[in-house]
Amino acid sequence: MNKLKHILIASLLTVSNGIFAQDIETKVESKVQNVNLFEQGASIDRYATIQLSKGKNTIIFDKLSHVVDMESIQLAGRGFSVYSIDFNPSYNPENKLPAHIEKLSQEVDDLEIKIADINLSIKLASDKIAFLQTNKSIGNNSSITANQLATTYELYSQKLKQASEEKLKFERESQKLRKELNFKQRELNNFVSQLRHKGAIIATLHADQAISTKVKLNYTVRNASWIPIYDIRFSSLEEELTLIQNAKVSQTTGNDWNNIELSVSTGNALSQENLPHISPWKINLYPTYSKSKMMRSRVVEVPDELEINEEIEVDLDVDIEYDSENWESQEEVYKAPTNYISARQSTSTISKKFTFEKKFDIQSEDTEQQVQLRQEEIKAEFKYKAVPKYSQNVFLVAEIPNWESYGFENGKANIYMSDQYRGKTYLNKGTIGEDYIISLGKDSDIAVERSQIKDSNSRRFLGSKKKEVFAWEILVKNNKNSAAQIEIKDQIPVSLTDKIIITTEELSGANHDKSTGMLTWDLNLQANEIKKLVFKYTVESPKNERVGY
């Protein structure tokens with residue numbers, strides 16, 4: 001353990017020697033007051049009052065995080081000018097461990113000695129037991145009397161019991177001390193880690209006269225972040241949807257943030273803040289290949305949502321041009337919502353920011369703390385939807401117009417109906433101009449079943465043609481005590497070649513999108529009503545060719 005202390009002191013001093021000039025050095029206690037937490041990183045505002053002598057001063061802001069971004073440090077105040085600012089991630093100028101760590105280290109050493117002594121006693125007791133067990137036989141001495149045998153047996157039993165009890169006692173004591181040692185060792189390791197992870201900002205200042213002035217120290221740290229998480233709540237399908245945006249915040253910077261003013265911003269605090277440098281863009285020609293070098297490739301033009309599988313040979317000795325004038329950039333415009341609860345929200349062209357009226361304590365540990373950012377009451381159209389081809393479950397969804405205007409970030413969401421948990425979903429920003437659909441979970445009160453109508457299926461050959469008939473039946477039952485609107489989706493295939501002809505024969509009133517083959521039924525089912533949907537189609541293809549369904 002003493003070796004550990006010497007190594008620790010040496011490592012802490014290596015980075016701190018030779019960093020200061022021979023002038024007035026003053027350590028300053030500063031306090032974290034404001035934290036702007038980003039999705040990656042955090043911006044810290046510390047405040048302090050410093051005493052400056054006339055001339056050159058070295059001000060040391062110690063007990064800081066070890067993950068400060070050196071390039072982000074800013075010092076503001078009146079009555080002085082800044083010569084230089086340095087950052088030391090492992091600052092310990094006193095050349096020794098603090099008294100409480102020395103004391104704890106000595107306690108660990110003492111426990112290790114005690115455990116070693118007890119382990120020796122356990123070994124001696126074990127050897128004694130082994131000796132007694134090895135020498136318990138009295139041989140074939142026929143002259144021994146019954147009384148002598150009883151006395152020998154009694155003595156052997158007493159000695160063996162005594163040795164076994166001693167061993168058990170020492171083992172229990174060793175176990176107790178080892179548990180205490182493990183606890184103190186973890187505590188010591190934690191203190192040592194904190195000591196190693198305390199940084200200091202060293203500012204060299206010049207004052208024209210002796211003054212006392214307040215300063216603001218701002219810097220960015222790593223090891224801090226937040227992620228959005230949502231609660232979706234609704235009580236009935238006739239009411240608005242309540243969407244609560246929360247932030248799960250965490251930090252392991254090495255400093256606890258106590259009684260701070262917290263703000264939460266989108267974006268990355270560690271992203272580049274300087275104007276990028278642009279260099280000349282030089283281009284050249286690729287090596288020319290001879291036309292005899294042919295390559296086999298799939299080069300086809302595919303309509304939207306379709307796929308063509310034709311293999312053709314192409315000569316890759318071609319020129320490709322890009323028309324830069326046809327490139328367009330799009331900028332998503334965020335519209336501030338009108339209703340907030342826990343946080344005040346502001347926006348800029350770069351990020352959104354939420355500020356809070358109350359103050360927070362956020363400890364430096366591997367745990368998350370949840371804070372509420374805002375709450376929105378959203379008008380939504382509730383529908384039941386099902387795709388029985390892939391699932392017999394019916395899902396409740398909410399269709400929300402102008403979703404992008406709320407400016408929500410991507411994130412997981414918990415769903416509650418009348419305070420009852422229904423499951424999870426994932427929210428994303430959506431597409432501008434489109435209604436956004438949120439899945440609110442399964443509803444077992446509506447049943448859907450899909451099956452083939454085997455009697456209507458057939459296959460016939462007519463000359464060089466093959467004709468196949470497919471028929472499907474979908475049964476939908478509303479087991480609710482009230483009416484329900486439900487959208488059923490299915491599909492029929494779409495031909496990619498004129499060799500395959502698809503003809504619809506029965507659709508039960510479905511809306512048929514011929515370009516995609518999608519079938520959509522919008523049903524309004526009364527309580528306990530059963531609806532049967534039938535769709536039937538024919539596929540005609542060359543007799544000797546196989547159709548890939």
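Bear in mind these aren't lab numbers, they're just calculated from the coordinates by the rules spelled out. Everything quoted here is computed from the prediction, not taken from an experiment. FYI the Cβ positions are ideal-geometry reconstructions off the backbone, even for glycines, and counts take in every protein chain you see.
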Filter on Lys358/Lys379; Lys383/Lys429; Lys198/Lys248; Lys103/Lys176; Lys442/Lys467 - keep pairs with C-alpha separation over 27 Å: Lys358/Lys379; Lys442/Lys467
Dipole axis of the stretch 446-542 (+1 Lys, Arg; -1 Asp, Glu on Cβ), positive-most option in Phe461, Gln491, Trp472: Phe461
Protection proxy ranking, peptides 416-425, 123-132, 468-477, average beta carbon neighbours within 10 Å, highest first: 468-477, 123-132, 416-425
The stretch 446-542, Cα convex hull volume normalised per residue, Å³: 82 Å³
